[in-house]
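Here is the structure we will look at.
What follows draws every value from the coordinates through simple rules; no lab data is involved. Because the structure is a prediction, the values reported are computed rather than measured. Virtual Cβ from ideal backbone geometry, glycine too; neighbours counted across all protein chains shown.
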Amino acid sequence: MLREINKKKFQEYGVRVIEVRGSIGSGKTSLIESLVEVLSDKYEIGVMAGDVTTTIDAERLEKKGAKVVQINTGGECHLDANLVRKAINVLDPRKLDLIFIENVGNLICPADFPLGSQQIIVVVSVTEGPYTIVKHPMILEDADLLFINKIDLAEAMDVDPSSIERDALRINPKLKVVKGSLKEGMGVQEVLKSLNLT
Ligand code: MG
Ligand code: ZN
């Protein structure tokens, strides 16, 4: 299995790899950007960006101190282990401590294409409504952390972040859940703590 090969390679290189999944506009890039900003003093960080609408995402991340490689999926709506394998070498992984993989903005097929990362974050925004998680349970099954984003808009959206949390924990009781707002800088420290990145 390619994902196993990737996993072994990552181990061999001594690099920790975290996949970030979520819908378009949920805040995947913003989360990675916030984490890179805090961690770039301490770690050499690479980002594989599968969800790139423009070069703005890559520029944003590079400005925060990460080495970025864009993955062209050739029109596919998800990354796969083979695309990741090819991108690894471009990043020169032996020099890196940490790699974030931003998957394509989609809550369906990334669940079927494990990449070989050690950890998986799913980002969901309250602006997606109350049922995103219930409608896409598979995306959480192998996830380690759910970040519920834009909670500053919860009231306006009439969405209760705690009910999203409860639904998520019913699907995956081992999941860590952090509620926050990346625009307001809320929740980033908790994510770092939950992933033992501090
Ligand atoms: Mg993005
Ligand atoms: Zn797909």
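Remark: the range 165-181, residue by residue, has Karplus-estimated 3J(HN,Hα) of 4, 4, 4, 5, 6, 5, 6, 9, x, 8, 5, 8, 10, 10, 9, x, 9 Hz, where x stands for each Gly or Pro and the curve is 6.51 cos²θ - 1.76 cosθ + 1.60 at θ = phi - 60°.
In units of the rule-of-thumb radius 2.2 N^0.38 Å, the range 45-198 shows an alpha carbon radius of gyration of 1.05.
Which net charge results when you count Lys and Arg as +1 and Asp and Glu as -1 among the other residues whose beta-carbon is under 12 Å from that of L98?
On the way: positive: R16, K42, K67, K95; negative: E44, D97.
So the surrounding residues net to +2.
For K42, the aspartates and glutamates whose Cα falls under 19 Å of its own Cα, not counting residues fewer than eight places away in the same chain, are E33, E62, D92, D97, E190. Distances between every pair of Cα atoms in the range 1-119, grouped in 10 Å steps from 0 to the bin holding the largest one, split as 15, 52, 32, 2 percent. Across the chain, the relative contact order, built from alpha-carbon pairs under 8 Å that are at least six residues apart, equals 25 percent.
Across the options V124, I18, I164, the greatest Cα extent toward the positive end of the charge dipole of the range 2-194 (unit charges at beta carbon of Lys, Arg, Asp, Glu) belongs to I18.
Tell me the mean residue ellipticity at 222 nm calculated for the chain from its helices only (DSSP H runs of n ≥ 4, each -39500 (n - 2.57), averaged over every residue, nearest 500). One gets -10000 deg cm²/dmol as the mean residue ellipticity at 222 nm. Calculated translational diffusion coefficient of the range 48-98 (37 °C, 0.692 mPa s; Stokes-Einstein with Kirkwood radius over alpha-carbon pairs) equals 281 µm²/s.
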